[in-house]
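Read-outs: derived from the displayed coordinates by stated rules, not from any lab. Because the structure is predicted, anything quoted here is derived from the model rather than measured. Because the Cβ atoms are built from the backbone with ideal geometry, glycine has one as well, and the counts that use them run over all protein chains shown.
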Amino acid sequence: MGERVAHRVTGRMLDFIEFEDDYAMVKTRAPAEAVGMPLDQSRLRSKYGVTVVGVKRPGEGFSYATADTVINRGDVVILAGRTSEVERVADLT
């Protein structure tokens, strides 16, 4: 619980859940380098090793992310992957 709060206090993560020693899901703002393009073109998975699980647009609910999902500025995303990798992508926001 302390680690979860620490991640949230830094401001770059809106929520953080670590499931095992090295796997986590984070809720964070969309990374700038993924804005304006479909997820399959953003290369977040191949470059950083994270999977975008869901996307929330301002004023809307969460929806599941697909390869065709376009990330917009101001979106909130749910990322899954190794703890160090999701932390690294959250730092890009």
(request) Can you run the Rg to Rh ratio on segment 7-93? Use alpha carbon positions and the Kirkwood inverse-distance Rh. (result) 0.93
(message) Can you give the FRET efficiency to the nearest 0.05 for Arg57 and Phe19, using r as the Cβ-Cβ distance and R₀ = 25 Å?
(response) 0.45
(message) Quick check for me: using +1 on Lys/Arg Cβ and -1 on Asp/Glu Cβ, what's the dipole size of the chain about its Cα centre, in debye to the nearest 20?
(response) 320 debye
(request) Once you have the Cα-Cα distance between Ala32 and Asp68, take 0.36 nm times their residue separation minus that, and quote the gain in nm to one decimal. (result) 11.2 nm
(request) Measure off 7 Å from each Cα along the Cα-to-Cβ vector at Arg45 and Asp91, then give the distance between these two points in nanometres to one decimal. (result) 2.4 nm
